[in-house]
Amino acid sequence: MQRYQFTNQSITVAIVQQIAQTIKQQLLGVYSEPEAGAITQEVLEHVLQQNRVQLSLNQQQEISIAQQQQLQTIVERLLKHEPLQYVLGVAHFYGLELQVDQNVLIPRPETEELVDLVIKEHRQQQELKVLDICTGSGCIPIALAANLNTQAVYGLEVSEGALEVAKANATKYNLPISWLHQDIFDPLQTIAPSSLDIITSNPPYVLEEEQELMRANVLDYEPHLALFVPDTDPLKFYKRIAKVGYSLLKTGGKLYFEINERYGPETCDVLLQAGFTEAKVVQDLFGKDRMVRAVR
């Protein structure tokens, strides 16, 4: 079968099978074989509003001119290394479909593991009070509010643009989360001392020197404010949050960090020095030191 081609001059009748072949072939100029295929699948599902099974059964279905134009625009952005989640405007996280844009980090699978750990340890408790610090898209507090019995959930974020995204995501799922627009390094007066059961945080932890190891689609598009810390003070956020957390948590309350895998023991030391009675590194599914869990 002759392969359909996008052209700038005209778009003609095409079917799902042809379009899928074309998109994948174009993306192979930027992405590896498995990734190009997976992205193609997700793009088609998003634009055609069909799931994987429906698309496989509808290979001969004609695609409208408007849909072809939408697909063409998406492919052009992907070929510039723009992350798929920003291009589509959504990211999937712990069973939720969240709005994302360049004001927020794209939620990662390791952050889902952090959420899963918290949920498993607290699912039997009632009327929990939870704070997420450096909340970004709101993925952590929204997932916790959706899966735990909570009395109050707070999300703290310094970026006004990120907070707007978080608010929209909470509204979509009708979750009553209190959003705090503030810098964690400023005094926090909104929440009473010794009142929280859980604090979570995925703060900036990538060293500036690690930029050269990062892919272009992260470095060129995701917010550096949410990514990087100075090489000279890699644990600056953990030191501050440990101090704030010790003040805000009840006795026996827990703090959960996502961390730079290079600094697991050092992060634990920060927490113990702040007064926490217990702190331990938790590995992710790939065996990397990715989380720290501490008890007040």
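The values are calculated or read from the model by the stated rules, or taken from the named source; none is laboratory data. Note that the structure is predicted; figures quoted are calculated from it, not measured. Because the Cβ atoms are built from the backbone with ideal geometry, glycine has one as well, and the counts that use them run over all protein chains shown.
Return yes when Ile184 is aliphatic (A, V, I, L, M), surrounded by 14 or more Cβ atoms within 10 Å (Cβ to Cβ) and modelled with pLDDT of 95 or more and no when it is not.
Spelling it out, it is not the case that Ile184 is aliphatic (A, V, I, L, M), surrounded by 14 or more Cβ atoms within 10 Å (Cβ to Cβ) and modelled with pLDDT of 95 or more.
With respect to Gly252, is the statement that it is at positive phi, assigned to a strand (DSSP E or B) and over 18 Å from the mean Cα position of the chain (by Cα) true?
Yes.
Specify which of the listed residues (Asp233, Asp269) is assigned to a helix (DSSP H, G or I) and either surrounded by fewer than 16 Cβ atoms within 10 Å (Cβ to Cβ) or at pLDDT 95 or above (or both).
Selected residue: Asp269, the only one of Asp233, Asp269 that is assigned to a helix (DSSP H, G or I) and either surrounded by fewer than 16 Cβ atoms within 10 Å (Cβ to Cβ) or at pLDDT 95 or above (or both).
Just a yes or no: is a residue in segment 91-98 in contact (Cβ under 8 Å) with a residue 40 or more places away in the chain and touching a Ser or Thr at 6+ places or on another chain (Cβ under 6 Å)?
Yes - at least one qualifying residue is present in segment 91-98.
Would you mind telling me which numbered condition in (1) out of contact with any Pro (no Cβ under 7 Å at 6 or more places or on another chain); (2) of a type in the set (A, V, I, L, M, F, W, C); (3) under 25 Å from Glu121 (Cα atoms) Ala162 fails?
For Ala162, the failing item is (3).
Residue-by-condition table, conditions (1) polar (S, T, N, Q); (2) surrounded by fewer than 23 Cβ atoms within 10 Å (Cβ to Cβ):
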residue	(1), (2)
His92	no, yes
Leu96	no, yes
Gln102	yes, yes
Lys120	no, yes
Glu127	no, yes
Pro141	no, no
Leu144	no, no
Asn149	yes, yes
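Yes/no per residue for (1) assigned to a loop (DSSP other than H, G, I, E, B); (2) of a type in the set (Asp, Glu); (3) over 25 Å from Pro193 (Cβ atoms); (4) not assigned by TED's automatic domain parsing to the domain that holds Ile198:
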residue: Gln69; (1), (2), (3), (4): no, no, yes, yes
residue: Thr73; (1), (2), (3), (4): no, no, yes, yes
residue: Glu76; (1), (2), (3), (4): no, yes, yes, yes
residue: Val104; (1), (2), (3), (4): yes, no, yes, no
residue: Val115; (1), (2), (3), (4): no, no, yes, no
residue: Gln124; (1), (2), (3), (4): yes, no, yes, no
residue: Ser137; (1), (2), (3), (4): yes, no, yes, no
residue: Ala143; (1), (2), (3), (4): no, no, yes, no
residue: Gln151; (1), (2), (3), (4): no, no, no, no
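Yes/no per residue for (1) loosely packed, with under 14 Cβ neighbours inside 10 Å; (2) on the phi < 0 side of the Ramachandran plot; (3) outside the structural domain of Glu160 (by TED's automatic domain parsing); (4) at pLDDT 75 or above:
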{"residue": "Glu208", "(1), (2), (3), (4)": "no, yes, no, no"}
{"residue": "Asn217", "(1), (2), (3), (4)": "no, yes, no, no"}
{"residue": "Gly245", "(1), (2), (3), (4)": "no, yes, no, yes"}
{"residue": "Tyr263", "(1), (2), (3), (4)": "no, yes, no, yes"}
{"residue": "Leu285", "(1), (2), (3), (4)": "yes, yes, no, yes"}
